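Chemist: Below you'll find the structure I mean.
The values are calculated or read from the model by the stated rules, or taken from the named source; none is laboratory data. What you see is a predicted model, and the numbers here were worked out from it, not measured in a lab. Cβ placement follows ideal geometry from the backbone for every residue including glycine, while neighbour counts extend to all protein chains displayed.
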Amino acid sequence: MPLIGLLLPDGFEVCSLTPVAVFEAANAELGEPFYDVRVLSDRGGRIAGSFGVAIATQALGGEAYDTLLVAGAPDVVSTTPLAQARLRMVAARSGRVASLRLGAFALAEAGLLDGRRATTHATHAHALQQRFPAIRVDADCLFTQEDPVWTSAGMTAGVDLALHLIERDVGRDCVQRVAARLMIPMLRSGAHPQHSAALDLQATSDRVATALEFARNNLRRKLTVEDLAEVARLSPRQFSRIFRNQTGCSPARAIEKLRLEAACVLIRQGRLPFETIAGETGFGDEERMRRAFTRDVGQAPRAIRRMAQMARAA
């Protein structure tokens, strides 16, 4: 039975508990208590979170964990030399160590991120890089994976991290069932950017939201205004007017934003040829995709892939 430890600091963020729900859902899908999850703190006992929620914890001892998740408080709080030494000891005995949001600072203070690529929430990425120059901080990804150390941007990215850890343990089929149980619309990779075009395009009506969801799921198609208007059950003229009022841009511009975001993930992963990515994301051909990236992102796809490859190689 894989042993999962979630190490919480005093004043922990409540969202740090969300990965526990993912492991709980995995146990339910597997039909047995496959994961043994333990909530930990430096001294054990009852500790209070940032939102007034208190939780019982066990003391972090010398036990080995298959996965040790290290959470943070809402703001960066330095750990003591004793806590750092204890974390190094437990990490050395454990299979995987992963941080949730500002938990990356605790791993960094313990020296566990030196020479590694790591991430944290974008609002604190610069501070992490400044304080710990030996780390290669990627400020625009959901999570990083350099076995045996993983780091995540926290918040909902902690859920993505937990899903990928479970996929490593029990396979893709189970993870897809877990995601469906938790009503998670898509499995996001670590390369997925923290800033989401889909978030910028939030709609206030079900009809426009349905059309956007249709577009996200069918980026390979040509996707005309008429197609989206039909999904929304509106005339093209009505749809265009309502869409612009709710999202601040035209349907064509929104679709291009979604295509750029999807293509960027595949480019950074580095597995598919550019021509294939252009086809999969609806750009049609590599040159059209290159022009869109140069205009909107300020970098060509090859430059983005080269930077991602250099970060992995380093």
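Chemist: Only one residue in Ser250, Ser205, Ser189 is polar (S, T, N, Q), at pLDDT below 95, more than 27 Å from Phe293 (Cβ to Cβ) and not assigned by TED's automatic domain parsing to the domain that holds His121, so which one is that?
Modeler: Step by step, each of Ser250, Ser205, Ser189 is checked, and only Ser205 is polar (S, T, N, Q), at pLDDT below 95, more than 27 Å from Phe293 (Cβ to Cβ) and not assigned by TED's automatic domain parsing to the domain that holds His121.
Chemist: Do we have Ala92 as out of contact with any Asp or Glu (no Cβ under 9 Å at 6 or more places or on another chain), closer than 18 Å to Leu6 by Cα, aliphatic (A, V, I, L, M) and surrounded by fewer than 17 Cβ atoms within 10 Å (Cβ to Cβ) here?
Modeler: When the stated conditions are applied, Ala92 passes them.
Chemist: Got a sec? Which of Gln176, Gln130 is assigned to a helix (DSSP H, G or I), surrounded by fewer than 15 Cβ atoms within 10 Å (Cβ to Cβ) and modelled with pLDDT of 90 or more?
Modeler: Gln130
Chemist: Condition (residue is surrounded by fewer than 18 Cβ atoms within 10 Å (Cβ to Cβ), aliphatic (A, V, I, L, M), farther than 25 Å from Val225 by Cα and within 22 Å of the chain's Cα centre (by Cα)) applied to the stretch 265-280: is it met by at least one residue?
Modeler: Taking every residue of the stretch 265-280 in turn, at least one turns out to be surrounded by fewer than 18 Cβ atoms within 10 Å (Cβ to Cβ), aliphatic (A, V, I, L, M), farther than 25 Å from Val225 by Cα and within 22 Å of the chain's Cα centre (by Cα).
Chemist: Select from the stretch 18-59 the residues that are part of a loop (DSSP other than H, G, I, E, B) and among the hydrophobic types (A, V, I, L, M, F, W, C) and write down the one among them that is nearest to Gly5 (Cα to Cα).
Modeler: Out of the qualifying residues, it is Phe34.
Chemist: Taking the condition in a loop (DSSP other than H, G, I, E, B), over 8 Å from the mean Cα position of the chain (by Cα) and farther than 24 Å from Gly111 by Cα, does Ile184 pass?
Modeler: Against the criterion (in a loop (DSSP other than H, G, I, E, B), over 8 Å from the mean Cα position of the chain (by Cα) and farther than 24 Å from Gly111 by Cα), Ile184 qualifies.
Chemist: Also, I was wondering about something else. Could you list, ordered by first residue, the pairs with Cβ atoms under 7 Å in which the first is in the stretch 216-234 and at positive phi and in a loop (DSSP other than H, G, I, E, B) and the second is among the charged types (D, E, K, R) and at pLDDT below 95, at least 6 apart or interchain?
Modeler: Every condition considered, the pairs that remain are Arg233/Arg207.
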